[in-house]
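Student: Structure below; questions to follow.
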Amino acid sequence: MKENFSQILKELRIKKGLTLRNACRILDYDPSNWSKIERGKMPPPSDEKTLRKWAKSLGVSNENDIREFVDRANIVQGIVPKDILSQNNVVEFLPAFFRTLRNKKPTQKEIDRLIKLIR
């Protein structure tokens, strides 16, 4: 699943053999908004329960794949998943992680803290 969320959503719907309107009828969702999500013009809902329902209705049955579906929707929204934020001290390590992603070298203390968290 290396595509972005909107591509995944559309591919899953088509793979399931559903038209946009049929999918929306089944999921009780507005077709206009669904279309905007598939085209990347509107972010997906942030509600995990809704996203899990969508994933299952579109044929995603493996829990890891459902989790990835929800995570990709969260990424579009700029949301750090709740299960990640609920872990002890994760918020403390995020600035070092973000700096690393931006190619800015973290301090040795920050590296040590990240290693400790990963273990």
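The values are calculated or read from the model by the stated rules, or taken from the named source; none is laboratory data. Keep in mind the model is a prediction, meaning the values are calculated, not measured. Cβ placement follows ideal geometry from the backbone for every residue including glycine, while neighbour counts extend to all protein chains displayed.
Student: Look through segment 4-37, keep the residues that are among the polar types (S, T, N, Q) and in contact with a Gly (Cβ under 8 Å, 6 or more places away or on another chain), and return whichever of them is surrounded by the fewest Cβ atoms within 10 Å (Cβ to Cβ).
Tutor: Here the answer is Asn4.
Student: Tell me which residues, restricted to segment 50-61, are more than 15 Å from Trp34 (Cα to Cα) and modelled with pLDDT of 95 or more.
Tutor: The answer is Arg52, Lys56, Gly59, Val60.
Student: Okay, moving on. Does Lys116 satisfy the criteria of being basic (Lys, Arg) and closer than 21 Å to Cys24 by Cα?
Tutor: Criteria not met by Lys116.
Student: Could we say that Ser46 is surrounded by fewer than 16 Cβ atoms within 10 Å (Cβ to Cβ), in contact with a helix residue (DSSP H, G or I) (Cβ under 6 Å, 6 or more places away or on another chain) and of a type outside the set (D, E, K, R) here?
Tutor: yes
Student: From the set of residues in segment 75-113 that are free of Cβ contacts under 8 Å to residues at least 12 places away in the same chain and on the phi > 0 side of the Ramachandran plot, which is nearest to the chain's Cα centre (by Cα)?
Tutor: Among them, the one singled out is Gly78.
Student: What are the residues in segment 1-48 that are out of contact with any Asp or Glu (no Cβ under 8 Å at 6 or more places or on another chain) and among the basic types (Lys, Arg), if any?
Tutor: Within segment 1-48, Lys2, Lys15, Lys16, Arg21, Arg25, Lys36, Arg39, Lys41 qualify.
Student: Tell me, yes or no, whether segment 3-19 has at least one residue that is without any contact (Cβ under 8 Å) to a residue 60 or more places away in the chain, among the acidic types (Asp, Glu), closer than 27 Å to Leu117 by Cβ and out of contact with any helix residue (DSSP H, G or I) (no Cβ under 7 Å at 6 or more places or on another chain).
Tutor: no
Student: Moving to a separate point now. Test Ser35 against the stated conditions and say whether it is of a type in the set (S, T, N, Q) and within 30 Å of Phe97 (Cβ to Cβ).
Tutor: no
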